[in-house]
Every structure is written in C-alpha cells, then in structure tokens.
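Trainee: Structure incoming, see below.
The values are calculated or read from the model by the stated rules, or taken from the named source; none is laboratory data. It should be emphasised that the depicted structure is a prediction, and the values quoted were computed from it without experimental measurement. Counting neighbours? That spans all protein chains shown, and the Cβs are built from the backbone with ideal geometry, glycine included.
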Amino acid sequence: MKVFVTGVEGYIGSLLAPLLVQHGHEVVGTDTGYYRDGWLYSDSKTLSCFPKFLNRDLRSITQADLEGFDAVVHLAELSNDPLGANNPAVTHEINHHGSVNLATNAKRAGVARFIYTSSCSVYGLGSGDFLTEDSPVNPQTAYAECKTLVERNVKQLANDRFSPVFLRNATAYGASPRMRFDIVLNNLSGLAWTTKKITMTSDGTPWRPLVHVQDICTAIRCALDAPQGNIHNQTFNVGDNKANYRVREIAEFVAAEFPGCELTMGSSAGDNRSYRVNFDKIHSQLPGFKCEWDAKKGAKELHDIFSRIGMDLTGFEFRAFTRLKQLGHLISTNQIDDHFYWRY
Ligand SMILES: NC(=O)c1ccc[n+]([C@@H]2O[C@H](COP(=O)([O-])OP(=O)(O)OC[C@H]3O[C@@H](n4cnc5c(N)ncnc54)[C@H](O)[C@@H]3O)[C@@H](O)[C@H]2O)c1
C-alpha cells in the first residue's frame, strides 16, 4: 500500500514509519518538526528504514498532496492535555479543524482508508466501570474535546469508497528515539534512574490504562491490513484488559525495576481522570492484533536503554522530551508564532 503518515517525527511516528516500510508499504511521512531537537538514542535494527519525507504543517496539506495514496495514518496533533490547556484556540485549529480538513482532502483525493489516532481520554471521568467503545464520551479537556469532535465529524465522511478507523489509544509508554518523558511510565522511569526517587503527590488510586508504543504501531499496521468490513467507520479501544493499572501500581512496577529507588505516596486523590477500559473489541475484530508488552517489561526496556546511553538528569529534563516545555521554548524564542507556524 502507499501510505501517507502525518506526525512521522513524533514519539509514535518515528517508530511507526520504519515498521510500515519493513512490512512492505511505500510510506511518505510529513511533520512540521516541533520536537526535532530531541533524539534520545539510535538503533540500527528498528530504525533501519526511513520513509520519504515532506516537511509541512498539517494545516497546509492539500488534496493534491494526497493523490495516489491508498491510506492516511494521522498522528500530527498537539498531543496531550497540558498542551491543549495551554492554548485551546490553537489546539482546536490544529487538532480539530486541521484533522477534519485532512480527512476531507483525503476523501476527495480518493484515499480509501483514514486511520485516526484518538485517545481513551475521550471517556474523561469514569466511574471505575469498564468503558467500551459504546460508552458515552465525557471529554474534560480541550485535547479530549477535539478528539471527540474529529471522531464525530470524520465519521460523517464515511462512504463505500472512504473508510475511517478510529483508534482510541490508552496512555502510551516505552522507548522511542523521539522520546516523551511527559507520559506517566516514562516519566517515573526517568525519575527512578536519574534521582532514585519517586515522590507521588497523589495516593495513586486513579485507574490509568496503558499501552506500549510498539503495540499502538501494531494496531495501526493491523488496521491498514484488515478487510474493509472489519474496520469501516469503526472505533477501537487500543490496549489490553490486563493493562488497566492504578497509578500506584505503575509507580511500584517502576520502583521495583530500578534498584535503590525510594517510592513515597501522597494522600490526596490528585488527578481526577480515572477510567478503566474494555479492550475486547480490538482483540476480536482486528485480525492479528495482540499486545506484546506490559508495564513491567516496559520499565525494563527503559532501564536497559538509559543504562546503554548513560542518560543523566540533563538528558532526562531536556526540553524536547517534554512536549509543553519544547513548545514553550519555541514560542519564547520567537521561533513559532501565536498560531504555532514557524516564523522563519
Ligand atoms: N502518546 C500517547 O500516549 C497517545 C495516546 C493516545 C493518543 N495519542 C495520539 O497519537 C498521536 C501521536 O502522538 P505522539 O505521542 O507521537 O505525539 P508527539 O507529540 O510525539 O508527535 C506528534 C507529531 O506531530 C507533529 N505536529 C504537531 N502539530 C503539527 C502540525 N500542525 N503540522 C505538522 N506536524 C505537526 C509534531 O511535530 C510531532 O512530531 C497524537 O494525535 C496523539 O494525540 C497519543
């Protein structure tokens, strides 16, 4: 297949594109490069093939850019709750309008399949019951609200020649050269390695489903390969029933992986986002999908990489590995404007 991947220089995209190339797809990737300053490690095995690359903002991708592709995989958005809260207007501009325009242009260009990386954060405040794809959405942030709006708008574009697929990923973890230390397991592992201390302000009771970044890539690959009848206009939660963890458990797994790490828990309920998610549908309806990772194995993977590259506190705290810090830097140094376009 000829596949157009947006956000190819991000945490997920930098692993996904080589994987798709290895699986025989012809890949063109695009990105505007907000986090290009950060590259944690190199690995000739997983990164042996790079896609063709188009250096562009999502908002300037046209129908002509998408002509001749069989599928679009869309990752390029401002990728977490704090980013959305920082600038809700630009979040709507990129994440909502940019994504719907991309899907509209893809449909006009005759692209048959559009894979959208949504998020389990659309469920918002849960009661602790397991949420399925049919549970009501309850977005609590601009980021989650945009995910909900894109799903709703792009669903309406579906017809027998255009099949959108909505992958609601759990919170990711795991190693990627374009690393993110602003997601929970990666952050705690970095703290455990560099400071030997994890100090939780909350009591860690909220539920948080996790999924390894490689398992997200597998879900996308399977959604590209699946018969149309299995995926047409379908929504899938991406993860595993066994990987609904309490935040406290995640901290305990990480502390156990890094010898000498001291773990202290707080007393407040802290973050009010708490949800458990049911992942039966993706396992039964998406041929070939299976999660190969769990939190324990993920913490060990990070431990091995930190040790291999001798990661220090400066590396862990480097701005480009925390999405909000890097965008703050690009704004305060006048590199991007109020709408997050590069000035030069
Ligand atoms: N990582 C997670 O835990 C997780 C969970 C659920 C869903 N997702 C979704 O998956 C997608 C990818 O996530 P990620 O973790 O790789 O994020 P990321 O921030 O690492 O990557 C996003 C990439 O998109 C690019 N981008 C952002 N705005 C752009 C624009 N206007 N034009 C062109 N490129 C632009 C960035 O430069 C970056 O390289 C996002 O849509 C995110 O919301 C991620």
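Trainee: Can you find, within region 54-113, the residue that is nearest to the chain's Cα centre (by Cα) among those that are closer than 21 Å to residue 158 by Cβ and charged (D, E, K, R)?
Mentor: Result: 77.
Trainee: Of (1) in a loop (DSSP other than H, G, I, E, B); (2) within 28 Å of residue 325 (Cβ to Cβ), residue 30 satisfies all except one. Which?
Mentor: (1)
Trainee: For region 84-97, does any single residue satisfy the condition of being touching a strand residue (DSSP E or B) at 6+ places or on another chain (Cβ under 9 Å) and within 23 Å of residue 145 (Cα to Cα)?
Mentor: no
Trainee: Still on this structure, I have one more. Out of curiosity, is residue 192 in contact with a Phe, Trp or Tyr (Cβ under 6 Å, 6 or more places away or on another chain) and modelled with pLDDT of 95 or more?
Mentor: So residue 192 fits the description; yes.
Trainee: Kindly provide the set of residues from region 1-27 that are assigned to a helix (DSSP H, G or I), out of contact with any helix residue (DSSP H, G or I) (no Cβ under 9 Å at 6 or more places or on another chain) and not polar (S, T, N, Q), ordered by number.
Mentor: 13, 17, 18, 21
Trainee: Additional query: Which count do you get for residues in region 110-121 that are farther than 21 Å from residue 286 by Cα and either touching a Phe, Trp or Tyr at 6+ places or on another chain (Cβ under 7 Å) or crowded, with 22+ Cβ neighbours inside 10 Å (or both)?
Mentor: Matching residues across region 110-121 total 1.
Trainee: Continuing with the same structure: How many residues, within region 193-209, are within 16 Å of residue 264 (Cβ to Cβ), touching an Asp or Glu at 6+ places or on another chain (Cβ under 7 Å) and not charged (D, E, K, R)?
Mentor: 1
Trainee: Give the residue, chosen from 91, 30, that is more than 18 Å from residue 214 (Cβ to Cβ), buried (at least 20 other Cβ atoms within 10 Å of the Cβ), in contact with a Cys (Cβ under 7 Å, 6 or more places away or on another chain) and not hydrophobic (A, V, I, L, M, F, W, C).
Mentor: 91
Trainee: Hey, does region 33-45 have a residue that's of a type in the set (Ser, Thr, Tyr), more than 9 Å from the ligand (Cβ to nearest atom), without any contact (Cβ under 8 Å) to a residue 24 or more places away in the chain and part of a loop (DSSP other than H, G, I, E, B)?
Mentor: yes
Trainee: Follow-up. Among the helices (runs of 4 or more DSSP H) lying completely within region 86-166, list those that include at least 3 residues that are of a type in the set (Lys, Arg).
Mentor: Answer list for region 86-166: 142-155.
Trainee: Next up: Take residue 186 and decide whether it is in contact with a helix residue (DSSP H, G or I) (Cβ under 9 Å, 6 or more places away or on another chain), more than 30 Å from residue 312 (Cβ to Cβ) and either within 16 Å of the ligand (Cβ to nearest atom) or outside any helix (DSSP H, G or I) (or both).
Mentor: So residue 186 does not fit the description; no.
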